[in-house]
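Nothing in this text is a laboratory measurement; each read-out follows from the coordinates by a stated rule. As the structure is a computational prediction, the values presented were derived from the model and not from experiment. Methodologically, a virtual Cβ is constructed for each residue, glycine included, from the backbone with ideal geometry; neighbour enumeration extends over all protein chains shown.
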Amino acid sequence: MRKSKEYSFQVKADKFFPSSAYQTPMYIILQSAPYEGIDFITELMNECVSVLLESGFDRNLHKISIVMDGGEVSEQYISNCLWNIYRGSGSPVSPNLLQSLHMALEKYLLDVTEKTDVEILVPLFKHMLKKSNSASITAVILSVVLAFSDKLSEIAVILFREYEIINYDIGRAAGERSIKSLYSIGYGMNWEHDIYQKERIDTCDQEHRNKTLEGAIVTYQFFMPTCSHFGQLISYLFYLLF
């Protein structure tokens, strides 16, 4: 990877085209060494954000604050580019390698969340939120939260405290309407690419793609989980409204 005034941060992107969870060994690495793999992606993105800041290429890049339990604050950088890396969209366009790594991370977390106890998942996601300075990791976490909103309601409450996350997630959901067309460009014309494109196209049919954090919070108000942290959510909702 090298710094570039013109392209912010560059890799030999063509080698990883088209972007896919299967495009790098990371999906396999996450299965065999999940904590090490997650920390690697997080630390890599921390470095990439530093490069992005220095380059000045993404003028929409700015800082947000995620308030954790007990008032601890995690500061992260967010932009349309960073938030949408895991979906292979956003502007300015991010490198295919970084997109593929985020896609692998999301796929792995979606796979394991269904069969993993919440007592393991919640500390893991909190660790990721604290360790990362890139909202691209938070976007992946939110995707998993939307897929398993009942199980990960405690993480949803943390993310709901930052309005920018709600706003960027609404934009991501709107983009889902056209992303299948993006993934389908040239599909069937190169057999070497088909497995990667099909993996991406299949993600468009996942039920949680059209859900949003805003919608999840509304659902929580009608079907409130019996969890102590929801007292915090009610208090925060009243704070926003009144």
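Numerical summary
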read-out: Mean Cβ neighbour count within 10 Å, used as a protection proxy, ranking 150-158, 171-179, 192-200 highest first; value: 150-158, 192-200, 171-179
read-out: PHE17 paired with VAL112, simple spin-label distance in nm, labels 7 Å along Cα-to-beta-carbon; value: 3.2
read-out: Listed residues SER178, TRP83, LEU124: farthest to the positive end of the dipole of the stretch 2-241 (Cβ charges); value: SER178
read-out: Stokes-Einstein diffusion coefficient of the chain, Kirkwood radius over Cα pairs, 20 °C, 1.002 mPa s, in µm²/s; value: 116
read-out: Equivalent-ellipsoid semi-axes of the stretch 108-195, from the Cα gyration tensor, Å, largest first; value: 28, 17, 12
read-out: In nm, spacing of pseudo-spin labels at VAL67 and ASN210 (7 Å Cα→C-beta vector); value: 3.4
read-out: Top of GLN76, GLN206, GLN31 by mean-square fluctuation, Gaussian network on the chain, Cα under 10 Å; value: GLN206
read-out: Length-normalised contact order of the chain in % [C-alpha pairs under 8 Å, at least 6 apart]; value: 21
read-out: Entries of LYS151/LYS211; LYS107/LYS130; LYS130/LYS198; LYS115/LYS198; LYS131/LYS151; LYS63/LYS151 with Cα pairs more than 27 Å apart; value: LYS130/LYS198; LYS63/LYS151
read-out: Fully extended contour minus Cα-Cα distance, from VAL51 to SER181, at 0.36 nm per residue; value: 43.7 nm
read-out: Relative contact order (percent, whole number), the stretch 12-107, Cα cutoff 8 Å, 6+ residue spacing; value: 38
read-out: Chain lengthening between TYR163 and GLU75 when straightened (0.36 nm per residue, less Cα-Cα); value: 30.3 nm
read-out: Anchor LYS180: aspartates and glutamates whose Cα lies under 20 Å away (excluding residues fewer than 8 positions away in-chain); value: GLU106, ASP169, GLU192, ASP194, GLU199, ASP202, ASP205, GLU207
